[in-house]
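Notes follow the structure.
The values are calculated or read from the model by the stated rules, or taken from the named source; none is laboratory data. Every value quoted in this text rests on a predicted model; they were computed, and no experiment measured them. Note: ideal-geometry Cβ built from the backbone for every residue, glycine included; neighbour counts use all protein chains shown.
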């Protein structure tokens, strides 16, 4: 197999992308640590739960939505549970499954942190882009995400290739 090296233009674009994402991750983490005492990953977990029906998700679904391994999610949920922001609930239909549910305190923390988070995102990204560039950013990001997740034109990665994906358990009762 011949290596398909990046062209100089592709290499420049790649390095700019990596630099921007690293700087953005750092800015978001610093803001959320300051305003909410948590990293961006934990904030994202709270957001996912806040948008879910009854503010709760199966742990396996939350891991996939967060794009993290089940063990990393378990660690994060344990910390958030200790802080009173999330509670775990057992699944009545499958003892191997459990749910994570956002508590009222977790929702309050999220509501307090959200304005600063949105302002950081706006100041770091959207204040520097035209409307056309925002549309391009969405299009490019969606193409990359679909390719990595697998779409109709590319095979979907298997559970072994994507650590947050696994066969769903039968616990799909009332959510």
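Filtering the range 43-54 to residues that are over 10 Å from residue 106 (Cβ atoms) and crowded, with 17+ Cβ neighbours inside 10 Å leaves 43, 44, 47, 48, 52.
Every test in (1) buried (at least 19 other Cβ atoms within 10 Å of the Cβ); (2) over 22 Å from residue 109 (Cα atoms); (3) touching a helix residue (DSSP H, G or I) at 6+ places or on another chain (Cβ under 6 Å) is passed by residue 86 save one, and that test is (2).
With the structure loaded, tell me whether residue 112 is part of a helix (DSSP H, G or I) and either touching a strand residue (DSSP E or B) at 6+ places or on another chain (Cβ under 6 Å) or touching a residue at least 24 places away in the same chain (Cβ under 8 Å) (or both) or whether it fails that test. Yes, satisfied. Scanning the range 69-106 for residues that are assigned to a helix (DSSP H, G or I), under 17 Å from residue 53 (Cα atoms) and touching a residue at least 60 places away in the same chain (Cβ under 8 Å) yields one hit, 106. All told, residue 156 meets the bar of being surrounded by fewer than 16 Cβ atoms within 10 Å (Cβ to Cβ) and at pLDDT below 95. One residue stands out in the range 120-152 among those that are in contact (Cβ under 8 Å) with a residue 60 or more places away in the chain and part of a helix (DSSP H, G or I): the one that is surrounded by the most Cβ atoms within 10 Å (Cβ to Cβ), namely 120.
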